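Engineer: My structure is below; once you've seen it, I'll send some questions.
The values are calculated or read from the model by the stated rules, or taken from the named source; none is laboratory data. Here the structure is a predicted model, which is why all the values come from computation and not from measurement. Quick reminder, even Gly has a Cβ in these numbers, built from the backbone with ideal geometry, and neighbours come from all protein chains shown. Each accessible area value is taken on the protein alone, full model and side chains, heavy atoms only, with ligands, DNA and RNA left out. Shrake-Rupley method; radii C 1.70, N 1.55, O 1.52, S 1.80 Å.
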Amino acid sequence: MKRITSQLKLALVLLASLAASAAHAQTIGDSAWRNDVKTVSLTRTGTEFEMPVLVMESDDRMVLQFDVLSEHPENLRYTIYHCDAQWRRDDLEPYEFMTGFESRQIENYDFSFTTLVPYIHYHQVIPGTFAQFIHSGNFVVSVAPDDAPDSILLTRRFCVSEQSVKIEGNIVRPFDGIDISRRQQVDVLLSHPSPALAPQYLSVAVQQNGRQDNRRWLEFSGYEGSDLAYRNRKCNIFEGGNTFRFFDMSNLRTPMYKVQRIERYGGETFAIIRPEEDRSRKHYIAETSLNGGMKVNIWDRKNPAIEADYVWVNISLPMQLPMMDGSVHIVGALTDWKLDSASRMDYNMQYHAYTKRLLLKQGYYAYQLLFLPVHAQVAETARLEGDHYEMANQYQIFVYQRMPSDRADRLIATGRVVGP
């Protein structure tokens with residue numbers, strides 16, 4: 001009997017260990033895990049519409065902001081942990097990647113003021129006073145109730161870079177000569193003072209705007225003098241896409257750009273956006289947009305953080321018949337750049353249109369309509385947006401290094417190039 005009990009305990013320990021390993025192996029993204037958590041942002045000063053990147057041994061700080069649709073505040077706590085280059089949680093202990101506390105209570109919150117939808121706006125400077133990062137790489141901050149640390153409300157990603165390598169990025173026509181008017185090639189050159197960089201210990205990633213589905217790992221193509229080149233490979237080529245669609249509902253008294261009408265009933269506000277269109281066969285028209293970003297804003301109030309109201313936004317794409325070989329998604333910061341049920345539009349047979357209703361805070365929102373083929377992981381811009389070499393995409397470049405003696409991936413440099 002004792003032997004059976006011992007075997008059972010061992011089996012339970014193994015199961016717990018496997019569950020922990022599986023949790024660490026999952027790729028972590030920007031997510032809100034509760035339906036009442038809205039308008040999450042993690043920003044560094046001067047990089048409001050980019051993933052926040054802090055520089056090692058600097059005084060850089062970030063601000064985490066989010067709303068909870070409630071009238072009663074919660075005791076919430078943020079926790080920081082380190083991830084590998086693929087955004088999977090690794091085994092570094094907090095004392096190995098930062099000084100000070102990696103977990104602190106969120107102390108700052110305000111109640112919404114004169115809004116139809118009540119909410120509590122939380123905001124916190126991260127990292128805390130006297131805390132500093134001592135290891136570079138990918139990081140995630142998660143927020144959970146103090147008394148239920150496993151009930152995570154949200155996760156947000158950020159990076160800490162050593163900036164010890166110079167990155168030169170260029171956007172050129174594709175080297176293969178195919179569809180040169182639709183695609184963009186991102187070439188990267190790395191230079192570093194002695195000792196020379198060893199390419200076998202490097203990983204170079206390129207991200208287009210905020211998208212994660214088409215994030216690329218570049219292949220080393222050779223030396224150019226003492227510099228490392230990553231160019232002229234298929235992995236360097238991205239579909240150009242099109243100018244982001246956008247609408248502005250900063251003013252709920254008068255419909256603004258792309259807002260067809262505003263309605264109020266049942267104690268809620270509804271904004272109907274002008275029907276979208278298939279732009280795949282239209283010429284490229286350059287317009288200023290946030291490349292998928294969002295900005296909370298109101299025209300007739302002073303403090304958008306607590307005076308902007310929440311609105312049910314109705315977006316539609318007229319189409320005579322549904323596309324049976326895939327799904328249509330609204331992709332941008334308003335949906336955390338995800339290709340999931342929260343971003344997927346549903347086809348309405350009655351109206352012969354794809355439709356989606358999102359609860360959004362007043363402001364400005366930019367997005368694209370992407371088509372995700374069945375069983376695919378990467379969405380297509382060509383089907384509904386069209387692809388153009390002239391598109392001013394923002395490409396973020398990440399250079400990771402892991403030497404044989406390192407316990408975790410280090411981020412030795414980041415760069416950005418806007419094209420073409």
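Engineer: Greater than 22 Å separation of Cα atoms is the criterion. Which listed pairs, Lys282/Lys356; Lys258/Lys302; Lys38/Lys356; Lys338/Lys361, meet it?
Structural biologist: Numbers: Lys282/Lys356 24 Å; Lys258/Lys302 24 Å; Lys38/Lys356 17 Å; Lys338/Lys361 19 Å.
Check vs 22 Å cut-off fails for Lys282/Lys356; Lys258/Lys302.
Engineer: Now, a different point. Give the ranking of His121, His135 by solvent-accessible surface, highest area first, calculated with a 1.4 Å probe. Provide the component values of the computation, followed by the final result.
Structural biologist: Numbers: His121 10, His135 35 Å².
Order by accessible area, largest first: His135, His121.
Engineer: Follow-up. So which aspartates and glutamates pass the test for Lys295, namely a Cα distance under 13 Å, with those fewer than 8 places away in the same chain ruled out?
Structural biologist: Glu48, Glu50, Asp248
Engineer: Related question: Measure off, as a whole percent, the carbon and sulfur share of the 1.4 Å-probe accessible area of the chain, all protein chains present. Write out the running numbers ahead of the final one.
Structural biologist: On the way: 10790 of 20810 Å².
Of the solvent-accessible surface of the chain, carbon and sulfur hold 52 percent.
Engineer: Give the Cα extents of region 66-151 along the principal axes, in whole Å, largest first.
Structural biologist: 45, 27, 22
Engineer: Could you list the residues of region 85-125 with an amide nitrogen less than 15 Å from a label point located 7 Å from the Cα of Glu71 in the Cα-to-C-beta direction?
Structural biologist: 111-120
Engineer: When ligands, DNA and RNA are left out and all protein chains stay put, how many square angstrom of accessible area per residue does the chain have with a 1.4 Å probe? Each step should come with its number before you reach the end.
Structural biologist: Details: 20810 Å² over 420 residues.
Normalised by residue count, the accessible surface of the chain is 50 Å².
Engineer: On to the next question. Along the positive direction of the dipole of region 57-96 (beta-carbon charges: Lys, Arg +1; Asp, Glu -1; about the Cα centre), which of Pro73, Pro94, Val63 reaches farthest?
Structural biologist: Positive-end residue among those listed: Pro73.
Engineer: Another one. As a test question: what accessible area, to the nearest 10 Å², does Lys356 have when a 1.4 Å probe is rolled over all protein chains in place?
Structural biologist: That residue has around 40 Å² of solvent-accessible surface.
Engineer: Per DSSP H run of n ≥ 4, the term is -39500 (n - 2.57); total these for the chain, divide by its residue number, and report the mean residue ellipticity at 222 nm rounded to 500 deg cm²/dmol. Please list the in-between numbers first.
Structural biologist: Numbers: 3 runs with 32 residues, N = 420.
Only helices count here, giving -2500 deg cm²/dmol.
Engineer: Take the alpha carbon atoms of region 269-319, find their center, do the same for region 120-173, and report the distance between the two centers in whole angstrom.
Structural biologist: Taking the Cα centre of each part, region 269-319 and region 120-173 sit 27 Å apart.
Engineer: On to the next question. Can you tell me the FRET efficiency between Leu321 and Ala196 if r is taken as the Cβ-Cβ distance and R0 is 60 Å, rounded to the nearest 0.05? It would help to have the intermediate numbers written out before the result.
Structural biologist: Numbers: r = 58 Å, r/R0 = 0.97.
The formula returns an efficiency of 0.55 here.
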